[in-house]
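The values are calculated or read from the model by the stated rules, or taken from the named source; none is laboratory data. Computed from a prediction, not measured in an experiment: that's the story for all the values here. Note: ideal-geometry Cβ built from the backbone for every residue, glycine included; neighbour counts use all protein chains shown.
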Amino acid sequence: MSSRSTSTVDNSSGKETGKAPAELSRRLESNLSKVILGKPDPLALTALALLTGGHVLIEDVPGVGKTVLAKSLAKSVQADFKRIQFTPDLLPADVTGTAVFDPRDRTFEFKKGPVFANVLLADEINRASPRTQSALLESMSEGQVSADGRTWPLPDPFLVIATENPLEFHGTYPLPEAQLDRFAMRLELGYPEADVEVDILLAQAQRHPYEDLQAIATLEEIALARQVVRATRVERATAMYMVRLSRALRDHPSVRLGVSPRGSLHLFRTAQAWAARQGRDYCMPDDVKAVAVSVLAHRLILETRARHSGVDARQIVRDVVESTKVPV
């Protein structure tokens with residue numbers, strides 16, 4: 001497959017836009033790396049989530065920078081940012097909003113909840129009950145909230161970045177399968193290397209680098225880059241390769257619940273974005289491989305025996321990627 005020019009023209013503005021996703025992604029990654037040190041791969045995928053409209057689940061132990069990453073992403077693009085601290089007593093109305101009685105004209109007025117934002121940080125989402133977690137399902141899937149007999153559209157773009165602690169931590173609830181499936185990817189930050197941790201200490205000796213972080217893009221640039229990502233060409237053979245991966249995971253002997261068609265679509269969109277990040281206007285199987293673990297592993301519900309035997313969903317995805325024939 002030969003490479004074509006990566007430049008297209010936005011007829012309404014006359015500006016070159018073909019390389020917009022690549023340049024914008026690099027700028028975002030560079031800006032985020034001023035705050036989150038030594039984690040280039042999670043930063044790259046987080047930037048791509050913004051360019052695809054896919055929501056992100058960050059699962060890791062406390063104190064490794066999950067919340068700071070979400071705040072930094074919103075600050076980098078001048079986005080309206082809201083944060084919800086999920087707790088066991090949080091109610092669905094605390095997320096979506098509720099109708100409030102106005103005694104002056106004796107009517108009910110809908111007061112929008114914190115979900116009405118461009119970037120929503122659902123902090124420690126697995127500490128809330130499944131009922132409250134499900135309040136985000138419609139918002140994440142359809143970009144709207146149904147309440148008080150009406151449907152309220154959410155701002156565009158709308159991105160949920162949820163953080164969670166591992167399930168072995170006390171006081172957590174497993175996320176329902178339906179909610180896990182709505183996250184385009186799951187990321188981990190992990191503990192930093194020793195020399196990077198020293199850099200973190202020194203960087204915060206006087207003040208946190210987040211305080212000096214500057215916006216490097218606008219929501220209009222994000223919208224334009226999303227259009228270019230969606231136009232990234234995917235040949236039928238490459239799309240079939242994605243479907244073969246999904247079907248192989250569904251049929252894997254250690255998997256009880258496999259990848260849904262929604263998961264295949266998230267793989268499609270994220271692979272498009274990864275290709276655009278490289279400055280290409282077409283998608284290759286290598287782009288699919290680069291994002292497969294982050295996009296697919298969290299959707300797998302393992303068989304009880306496999307789970308108790310220590311089988312890792314990420315390794316299953318790696319094995320399936322390795323054994324699935326790549327189209328020529």
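Before we move on, is Val326 in contact (Cβ under 8 Å) with a residue 60 or more places away in the chain and under 18 Å from Phe183 (Cβ atoms)?
Details: in contact (Cβ under 8 Å) with a residue 60 or more places away in the chain: yes; under 18 Å from Phe183 (Cβ atoms): no.
Judged against the criteria, Val326 is not a match.
State yes or no: is Gly258 under 25 Å from Val228 (Cα atoms) and touching a helix residue (DSSP H, G or I) at 6+ places or on another chain (Cβ under 8 Å)?
Details: under 25 Å from Val228 (Cα atoms): no; touching a helix residue (DSSP H, G or I) at 6+ places or on another chain (Cβ under 8 Å): yes.
So Gly258 does not fit the description; no.
Counting only residues that are in a loop (DSSP other than H, G, I, E, B) and at pLDDT 90 or above, which one in region 94-127 is farthest from the chain's Cα centre (by Cα)? Steps first, answer last, please.
So in region 94-127, the residues in a loop (DSSP other than H, G, I, E, B) come out as 103-106, 113-118, 124.
Okay, now just the ones that are also at pLDDT 90 or above, so 113-118, 124.
Details: Gly113: 21, Pro114: 18, Val115: 16, Phe116: 17, Ala117: 15, Asn118: 13, Glu124: 15 Å.
In this case the residue turns out to be Gly113.
Going by the structure shown, is Ser30 at pLDDT 95 or above and out of contact with any helix residue (DSSP H, G or I) (no Cβ under 7 Å at 6 or more places or on another chain)?
Details: at pLDDT 95 or above: yes; out of contact with any helix residue (DSSP H, G or I) (no Cβ under 7 Å at 6 or more places or on another chain): yes.
For Ser30, the condition - at pLDDT 95 or above and out of contact with any helix residue (DSSP H, G or I) (no Cβ under 7 Å at 6 or more places or on another chain) - is met.
Could you tell me which residue of region 137-147 is modelled with the lowest pLDDT, considering only residues that are over 24 Å from Ser76 (Cα atoms) and buried (at least 16 other Cβ atoms within 10 Å of the Cβ)? It would help to see each step written out before you state the result.
So the first thing to find is which residues in region 137-147 are over 24 Å from Ser76 (Cα atoms), and the list is 137-138, 141-142, 144-147.
In the following step, the residues that additionally are buried (at least 16 other Cβ atoms within 10 Å of the Cβ) were identified as 138, 145, 147.
Values: Glu138: 92, Val145: 93, Ala147: 82.
Once the filter is applied, the top-ranked residue is Ala147.
Each row is one residue, and each column tells you yes or no for (1) free of Cβ contacts under 8 Å to residues at least 12 places away in the same chain; (2) surrounded by fewer than 21 Cβ atoms within 10 Å (Cβ to Cβ).
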| position | (1), (2) |
| --- | --- |
| Thr67 | no, yes |
| Lys71 | no, yes |
| Gln78 | no, yes |
| Phe81 | no, yes |
| Gln85 | no, yes |
| Pro88 | no, yes |
| Asp102 | yes, yes |
| Thr107 | yes, yes |
| Ala117 | no, no |
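How many residues are within 12 Å of the chain's Cα centre (by Cα), of a type in the set (Val, Ile, Thr) and not in a helix (DSSP H, G or I) when one looks only at region 31-74?
2
Can you go through Ala276, Ala237, Ala292 and tell me which one is touching a Pro at 6+ places or on another chain (Cβ under 8 Å), buried (at least 22 other Cβ atoms within 10 Å of the Cβ) and outside the structural domain of Thr46 (by TED's automatic domain parsing)? Give the steps one after another, and end with the answer.
On the way: Ala237 fails: buried (at least 22 other Cβ atoms within 10 Å of the Cβ); Ala292 fails: touching a Pro at 6+ places or on another chain (Cβ under 8 Å).
Testing whether each residue is touching a Pro at 6+ places or on another chain (Cβ under 8 Å), buried (at least 22 other Cβ atoms within 10 Å of the Cβ) and outside the structural domain of Thr46 (by TED's automatic domain parsing) leaves just Ala276.
Given the options Gln214, Gln227, Gln206, name the one that is surrounded by 12 or more Cβ atoms within 10 Å (Cβ to Cβ) and among the polar types (S, T, N, Q).
Working: Gln214 fails: surrounded by 12 or more Cβ atoms within 10 Å (Cβ to Cβ); Gln206 fails: surrounded by 12 or more Cβ atoms within 10 Å (Cβ to Cβ).
Testing whether each residue is surrounded by 12 or more Cβ atoms within 10 Å (Cβ to Cβ) and among the polar types (S, T, N, Q) leaves just Gln227.
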